[in-house]
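Read the structure below first, then the notes.
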Amino acid sequence: RSPGVLRARFSLRSTPPGRIAAGEPMTIPLAIQNTGDTLWLAGRTVRAGVVMPAVRVFDGAGAVVSEFHGQPGLPSAVAPGETVNIRIDYPAPRLPGSYTLKVDLVDQHVCWFEQHGSEPLVFAFQVRQPEEDA
């Protein structure tokens, strides 16, 4: 609730698709390491100080088309130096085009980690019509 250094290192556990059909489910398996000096609190109740994954998806013009937090939540509190594995499931946008997905952590009612110098995970992908060849 009064954090010191909030830093995370994100690692993809497999390569995300570069091209996906509109509305198709996308799975993003991640390892997240606490590289700061603050214990990340976990919990299912949204309250100040609980750390949770946050995803923002931007279209080709840079506008946010989707944002969600805490799905999934961290499986447990994460001490400095520890790593947790999570899997984010996300349905691709319904409109074809170029998109960027950004994964960060939020210290609920305190800040986004990126605001304190942590580097989020960012990758681009294309959404195609479902009937297009992959």
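The values are calculated or read from the model by the stated rules, or taken from the named source; none is laboratory data. Quick caveat, the model's predicted, so the values are computed rather than measured. Because the Cβ atoms are built from the backbone with ideal geometry, glycine has one as well, and the counts that use them run over all protein chains shown. Keep in mind that these areas ignore ligands, DNA and RNA; they rest on the heavy atoms of the full protein, side chains included. Shrake-Rupley method; radii C 1.70, N 1.55, O 1.52, S 1.80 Å.
Summing +1 for each Lys or Arg and -1 for each Asp or Glu among the other residues whose beta-carbon sits under 11 angstrom from that of L95 gives +1.
Computed over every Cα-Cα pair of the stretch 58-134 and binned at 5 Å starting from 0, the pair-distance distribution P(r) comes out as 3, 11, 19, 23, 18, 11, 8, 4, 2, 0 percent.
Computing Rg and Dmax of the Cα atoms in Å for the structure here picks out one of [x] 15.4, 50; [y] 20.9, 79; [z] 13.8, 39, namely [x]. Whenever you get a sec, compute what percent of the accessible area on the stretch 1-126 sits on carbon and sulfur atoms (1.4 Å probe). Ligands and nucleic acids excluded, carbon and sulfur give 48 percent. If a spin label sat at a point 7 angstrom from the Cα of H109 along the line to its beta carbon, the backbone N atoms of the stretch 38-63 nearer than 16 Å would be those of 41-52. Pairs of Cα atoms under 8 Å, at least six residues apart: use those to get the relative contact order of the stretch 1-118, whole percent. Relative contact order of the stretch 1-118: 33 percent.
Taking a temperature of 4 °C and a viscosity of 1.567 mPa s, what whole-number D in µm²/s does Stokes-Einstein yield for the stretch 1-73 with Rh from Kirkwood over alpha carbon pairs? The diffusion coefficient I find is 89 µm²/s.
Using θ = phi - 60° in the Karplus curve 6.51 cos²θ - 1.76 cosθ + 1.60, the 3J(HN,Hα) couplings for the stretch 86-96 round to 9, 10, 9, 10, 9, x, 4, x, 7, 9, x Hz; x is entered for Gly and Pro.
Solvent exposure of the chain, expressed per residue, is 52 Å² of accessible area, with all protein chains present and a 1.4 angstrom probe. Each Lys and Arg Cβ is given +1 and each Asp and Glu Cβ -1; about its Cα centre, the chain then shows a dipole of about 300 debye.
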